[in-house]
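**Student:** Handing you this structure, nothing more for now.
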Amino acid sequence: MNTTQTILKLIMLLVLATGIQSCKKSDTDTQPPSIFVMLPATGDQFSTGTSVSVVATLHDYVELGKYRIEIRWNTNAQNISSNPAVAPWVFLLEEPLSGNNQTINKKITIPGNIRLGNYDLTVYCTDKTGNESSGTEIIKITG
């Protein structure tokens, strides 16, 4: 093989490699979704055995992937329970999303025999690329 043929093959290989690279999906979505928790609001109180409505709007400029609701005991040292021997409540819910705008509306029943006091209610939203954001409200569970 002569030098001209070798150079032409290298050029063709370079053009082919550039074309393949340009066909790959672009990972330009670096912005996390936006989230606005409408209900509940920080400071809202709920009794055991009742339910709490969680309403949130979610938006991503490309595409939403999933959301997750977590309710966990607030670990702030000032969070004092009237029944500390009882185990705290942990609630987890995760569901897929589609499109770029969604409003979630979930009714969650609060169990009867849980530790009373403040809980962090956090709504997480993840887009299809894996960017995540969250919004947290502190609610009080009473007996």
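**Student:** Based on this model, can you work out whether Asn2 counts as over 22 Å from Cys125 (Cα atoms), at pLDDT below 90 and crowded, with 16+ Cβ neighbours inside 10 Å?
**Tutor:** The answer is no for Asn2.
**Student:** Restricting attention to the stretch 53-106, and to residues there that are among the hydroxyl-bearing types (Ser, Thr, Tyr) and assigned to a strand (DSSP E or B), which single residue is nearest to Thr142 (Cα to Cα)?
**Tutor:** Once the filter is applied, the top-ranked residue is Ser53.
Yes/no matrix, rows are residues, columns are (1) closer than 19 Å to Asp44 by Cβ; (2) without any contact (Cβ under 8 Å) to a residue 60 or more places away in the chain:
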{"residue": "Ser81", "(1), (2)": "yes, yes"}
{"residue": "Asn105", "(1), (2)": "yes, yes"}
{"residue": "Ile110", "(1), (2)": "yes, no"}
{"residue": "Asn118", "(1), (2)": "yes, yes"}
{"residue": "Leu121", "(1), (2)": "yes, no"}
{"residue": "Cys125", "(1), (2)": "no, no"}
{"residue": "Gly130", "(1), (2)": "no, no"}
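**Student:** Looking at (1) at pLDDT 85 or above; (2) surrounded by 11 or more Cβ atoms within 10 Å (Cβ to Cβ); (3) under 21 Å from Ile138 (Cα atoms); (4) of a type in the set (S, T, N, Q), which is the one condition that is false for Gln31?
**Tutor:** (3)
**Student:** Look through Ser51, Ser82 and report the one residue that is under 20 Å from Asn113 (Cβ atoms), among the small types (Gly, Ala, Ser) and out of contact with any Leu (no Cβ under 9 Å at 6 or more places or on another chain).
**Tutor:** Exactly one of Ser51, Ser82 is under 20 Å from Asn113 (Cβ atoms), among the small types (Gly, Ala, Ser) and out of contact with any Leu (no Cβ under 9 Å at 6 or more places or on another chain), namely Ser51.
**Student:** Oh, and also: Can you give me the number of residues within the stretch 77-94 that are surrounded by fewer than 15 Cβ atoms within 10 Å (Cβ to Cβ) and touching a strand residue (DSSP E or B) at 6+ places or on another chain (Cβ under 6 Å)?
**Tutor:** Total meeting the criteria: 4.
The values are calculated or read from the model by the stated rules, or taken from the named source; none is laboratory data. Every value quoted in this text rests on a predicted model; they were computed, and no experiment measured them. Quick reminder, even Gly has a Cβ in these numbers, built from the backbone with ideal geometry, and neighbours come from all protein chains shown.
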